[in-house]
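Student: Quick one: the structure is below, and I'll ask about it shortly.
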Amino acid sequence: MAARLTDISIKNAKPGETRREIPDGGCKGLYLVIQPSGKKSWAVRYRHEGKPRKLTLDGFPPLATARKLAMAAIENSDHDPAAEKRARKAAEKDEAQSKRDLFPEIVETYLKHYEAGRATRKNAKPKPRTVAETKRLLDQLTTPEVWGEKRIQEIKKRDVIELLDGIVDRAPYVANRTFAAISPLFAWAARRDIIDATPVVWNKAAEEARERHLTADEVKLFWQATGALGHPFQTIFRLLLLTGQRKSEVNEMVEGELDLEKRLWTIGADRTKNRREHVVPLADPVLAILEAAPRIKNDRGLVFTTNGETPPSGFTKPVEACRTKMNELAGETLPRWSLHDLRRTVSTMMNDELAIDPHIVEAVLNHVSGSRAGVAGTYNRAGYLKQKQAALEAWGRYVESLVSGKTIDNVISMART
């Protein structure tokens, strides 16, 4: 008679050169299966309609659970659990096959390859913020109202044209970015033989160069309006205005980049658009905001986070709330602005109001153009740290003067000579 298996005997059971089946004396028909690799599983042998059957239990449940499942299979003569399991697995496989070409499933698979740098011919890993933006654009197309219920093979050239033309009517810039997100996705799908050929054939929309920047009065209104947002968006929006840096750079700031004692913020090359390390001097108002900003302890060292795991997201609502509050304070509807327009505001006012040399403004914004581009940029590797510090201090004082309505001495300290 077979010995009763115990938790200890199961743990100590060793594999052999071939597959082993060890019967359990505590439950007739239950067997411990050990593969040569050492992997263990449970098999239940029973009879249904006079014929022998074998059922492999899912996973590797504890001994007591395995005995209960085995007894249920053996004693219930009306059912054939092995056949039912095969039917269930076949149905799951059919469902998976039917879903694998649905557009949302394709997007999910593509994004995994894209993030790993395996979705394009260049095989280069994109920056995390590029992945996030691509995911945001593609996710908008996976809703039932767009392509969420379509198989990718059902999406035709006409569908793509109608989608992008519809976006152009309200936002040419967004249409072009959507085109830039879906074009490599369909090319990837064609290379993997998921579709015969890409349906993405479209002429990019003409984009008018944006000229929007806040006026001096609007800067004051913006500052007042951000006061109603609360942390972290109040803090982030004000830092965007005071530093002139990009939204992702401020939003994803980490403690390790800050040296408050030396009053410096060093953004690594992996976080800048031009892949160059960028040092931002911290003017007095910026330093005060950073020192006062509440922190949530997190493993990544994020300065701004609401969940302790990721940077803040969902900027649409706070931006709209800020616009609405500015209109309320102004008593009229102001021209629409975006967060990126704050960089243009810094650039415009540094040049026009503070008479700061253009190449210093470029250095503050980390632009690679003019004196820092092409052959000239190859030889001009100056960091202009002192000049950037003076420019940002002057800008901070100027913003303070606009917000307070008081003239602050030495605001215009960078006049061209």
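Student: Can you name the residue in region 117-145 that is over 18 Å from A187 (Cβ atoms) and part of a helix (DSSP H, G or I) and is also modelled with the lowest pLDDT among such residues?
Tutor: R129
Student: Here is a list of conditions, (1) free of Cβ contacts under 8 Å to residues at least 40 places away in the same chain; (2) surrounded by 14 or more Cβ atoms within 10 Å (Cβ to Cβ), and D299 meets all of them except one; can you say which number that is?
Tutor: (2)
Student: Further, regarding this structure: Could you run through region 66-80 and say how many residues are within 44 Å of the chain's Cα centre (by Cα) and either in a loop (DSSP other than H, G, I, E, B) or over 11 Å from L30 (Cβ atoms) (or both)?
Tutor: The number of residues fulfilling the criteria is 0.
Student: Can you tell me which residues in region 360-400 are out of contact with any helix residue (DSSP H, G or I) (no Cβ under 8 Å at 6 or more places or on another chain), at pLDDT below 95 and of a type in the set (S, T, N, Q)?
Tutor: Scanning region 360-400 gives N366, T378.
Student: Right, next: Is it fair to say L342 is in contact (Cβ under 8 Å) with a residue 60 or more places away in the chain and surrounded by fewer than 18 Cβ atoms within 10 Å (Cβ to Cβ)? It would help to see each step written out before you state the result.
Tutor: Working: in contact (Cβ under 8 Å) with a residue 60 or more places away in the chain: yes; surrounded by fewer than 18 Cβ atoms within 10 Å (Cβ to Cβ): no.
Answer is no for this residue.
Student: Does at least one position in region 336-358 carry a residue that is more than 30 Å from R276 (Cβ to Cβ) and modelled with pLDDT under 95?
Tutor: Yes, region 336-358 has at least one match.
Student: Another question about this same structure. Given R300, R263, which one is among the basic types (K, R) and within 20 Å of F233 (Cβ to Cβ)?
Tutor: R300
Student: Taking V146, is it under 27 Å from A206 (Cα atoms) and in contact (Cβ under 8 Å) with a residue 24 or more places away in the chain?
Tutor: no
Student: Sort out which residues of region 1-49 are part of a loop (DSSP other than H, G, I, E, B), under 18 Å from A70 (Cα atoms) and hydrophobic (A, V, I, L, M, F, W, C), and write them in order of number.
Tutor: Start the filter on region 1-49 by keeping residues that are part of a loop (DSSP other than H, G, I, E, B), which leaves 1-6, 13-19, 24-29, 35-39, 49.
Within this subset, residues satisfying the condition of being under 18 Å from A70 (Cα atoms) are 2-6, 24-29, 49.
Within region 1-49, A2, A3, L5, C27 meet the criteria.
Student: Can you pull out every residue in region 98-117 that is farther than 19 Å from Q153 by Cβ and exposed (fewer than 13 other Cβ atoms within 10 Å of the Cβ)?
Tutor: Hits for region 98-117 are K112, A116, G117.
Student: Hey, another quick one. Being under 22 Å from K386 (Cβ atoms), aliphatic (A, V, I, L, M) and touching a residue at least 12 places away in the same chain (Cβ under 8 Å) is the filter here, so list the residues in region 268-295 that pass it.
Tutor: V279, V280, L282, A283, V286, L287, L290
Student: Okay, next question. Of the conditions (1) among the hydroxyl-bearing types (S, T, Y); (2) closer than 20 Å to K85 by Cβ; (3) surrounded by fewer than 16 Cβ atoms within 10 Å (Cβ to Cβ), Y46 clears all except one; give me its number.
Tutor: Answer for Y46: the failing condition is (3).
Student: When the residues of region 1-39 are narrowed to those that are touching a Gly at 6+ places or on another chain (Cβ under 9 Å) and small (G, A, S), which ends up modelled with the lowest pLDDT?
Tutor: A2
Student: Can you tell me which condition W265 does not meet? The list is (1) farther than 20 Å from E362 by Cα; (2) hydrophobic (A, V, I, L, M, F, W, C); (3) free of Cβ contacts under 8 Å to residues at least 40 places away in the same chain, and all the others hold.
Tutor: It fails just one condition, (1).
Student: Considering only region 149-162, state which residues are among the acidic types (D, E), in a helix (DSSP H, G or I) and more than 27 Å from A206 (Cβ to Cβ). Explain how you work it out, then say what you get.
Tutor: Step one: filter region 149-162 for residues among the acidic types (D, E), giving 149, 154, 159, 162.
Filter once more, so that each one left must be in a helix (DSSP H, G or I): 154, 159, 162.
Result: E154, single match.
Student: Name the residue that is nearest to F60 (Cα to Cα), counting only residues in region 22-39 that are within 48 Å of the chain's Cα centre (by Cα) and small (G, A, S).
Tutor: In this case the residue turns out to be G38.
The values are calculated or read from the model by the stated rules, or taken from the named source; none is laboratory data. No experiment lies behind these values; they were computed from the predicted model shown. With ideal geometry, Cβ positions are generated from the backbone for all residues, glycine too; neighbour counts draw on all protein chains shown.
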